[in-house]
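What follows is a single structure, written as structure tokens, with notes after it.
The values are calculated or read from the model by the stated rules, or taken from the named source; none is laboratory data. If you're wondering where the values come from, they're calculated on a predicted model, not measured in any experiment. Heads up, the Cβs are rebuilt from the backbone with ideal geometry, glycines too, and the neighbour counts pull from every protein chain shown. Keep in mind that these areas ignore ligands, DNA and RNA; they rest on the heavy atoms of the full protein, side chains included. Shrake-Rupley method; radii C 1.70, N 1.55, O 1.52, S 1.80 Å.
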Amino acid sequence: LLPRASYYVEHNLMKEFYRITKKAINFVFLVATPMVIYFIIFAKEGIFFLSGSAYAGSIIPMQIIMPTLLLIGLTNIMGIQILVPLGREKTVLYSEIAGVIVDVILNALLIPRLASTGAAIGTLAAEAAVLIVQYIALRNEIKNAFRNVHYGALVIALAVASMLSVFIKQTSFGVFTMLCISAVVFFGVYFGILTVMKEPLVIDIENQLLKKIKHKQVRRKE
């Protein structure tokens, strides 16, 4: 988005600038939120599959740190894609400094007591601090973008997908098989419900994919 956002700002096309901003933030919520929830639920299976049972101690830190996926996605949009094109690089720097301060303080306090769990808490809090500083700086420009997200539809889709995934988690499948089945069910149900509820961005993405598939089929026939 950075080149396009910079172009819109340079040519004073602010309506288009805020349009792609809304779309980008909505996209981050749509994609990052289910990944956060899924890997919190299946942190144990994911770690055991990748690293083995010897790394069981990293399950809780992974669950704690997963929300940073959403936070980093949002701060990337607000910092690199919005503040930088607007010529407000100092605000990005200040937000990063705030994150460093929070991270250093919490690491010093928590790591001696909680080890890797303390480090995960520090990282999560640091990313939250970055988000808060950037949101405050952009509150007038960005509030409509956050209001544009269909939180109700997201919560319903995530709740149903999570319940089905927890049910699968109780089965006796092997780790790899469980991850494969649960991923298909979780993300299939999640995007399926959003499609039924006619979430605009999901419908737009699906329509674009269908157009590309049809275009390829036409080219093959030719």
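Just to check your reading of the model, which residue among 18, 55, 38, 7 is assigned to a helix (DSSP H, G or I), aromatic (Phe, Trp, Tyr) and closer than 23 Å to residue 107 by Cβ?
On the way: 18 fails: closer than 23 Å to residue 107 by Cβ; 38 fails: closer than 23 Å to residue 107 by Cβ; 7 fails: closer than 23 Å to residue 107 by Cβ.
55 is the lone residue from the list that is assigned to a helix (DSSP H, G or I), aromatic (Phe, Trp, Tyr) and closer than 23 Å to residue 107 by Cβ.
When 172, 162, 182 are screened for being part of a loop (DSSP other than H, G, I, E, B) and either of a type outside the set (Asp, Glu) or over 21 Å from the mean Cα position of the chain (by Cα) (or both), only 172 passes. Within region 175-190, can one find any residue that is open to solvent by 70 Å² or more (accessible area, probe 1.4 Å), farther than 30 Å from residue 18 by Cβ and without any contact (Cβ under 8 Å) to a residue 24 or more places away in the chain? Yes, that holds for at least one residue.
Within region 74-90, the set of residues being in a helix (DSSP H, G or I), free of Cβ contacts under 8 Å to residues at least 60 places away in the same chain and surrounded by fewer than 20 Cβ atoms within 10 Å (Cβ to Cβ) comprises 76, 89, 90.
Here residue 207 clears all of (1) out of contact with any helix residue (DSSP H, G or I) (no Cβ under 9 Å at 6 or more places or on another chain); (2) surrounded by 11 or more Cβ atoms within 10 Å (Cβ to Cβ) except the condition numbered (2).
Among the residues of region 127-141 satisfying the criterion of being within 17 Å of the chain's Cα centre (by Cα) and among the β-branched types (Val, Ile, Thr), which is nearest to residue 52 (Cα to Cα)? Out of the qualifying residues, it is 130. Look at (1) over 21 Å from the mean Cα position of the chain (by Cα); (2) among the aromatic types (Phe, Trp, Tyr); (3) modelled with pLDDT under 95 and you find that residue 18 fails only one, number (1).
The residue of region 6-26 that is most open to solvent (accessible area, probe 1.4 Å), among those that are aliphatic (A, V, I, L, M) and free of Cβ contacts under 8 Å to residues at least 24 places away in the same chain, is 13.
In region 116-159, of all residues being farther than 30 Å from residue 16 by Cβ and touching a Gly at 6+ places or on another chain (Cβ under 8 Å), the one that is most open to solvent (accessible area, probe 1.4 Å) corresponds to 116. Being among the β-branched types (Val, Ile, Thr), assigned to a helix (DSSP H, G or I) and more than 29 Å from residue 183 (Cβ to Cβ), is that true of even one residue in region 148-155? No; the residues of region 148-155 include none that is among the β-branched types (Val, Ile, Thr), assigned to a helix (DSSP H, G or I) and more than 29 Å from residue 183 (Cβ to Cβ). Candidates in region 27-56 are the residues that are within 17 Å of residue 173 (Cα to Cα) and either without any contact (Cβ under 8 Å) to a residue 12 or more places away in the chain or among the polar types (S, T, N, Q) (or both); of these, the one that is surrounded by the most Cβ atoms within 10 Å (Cβ to Cβ) is 50.
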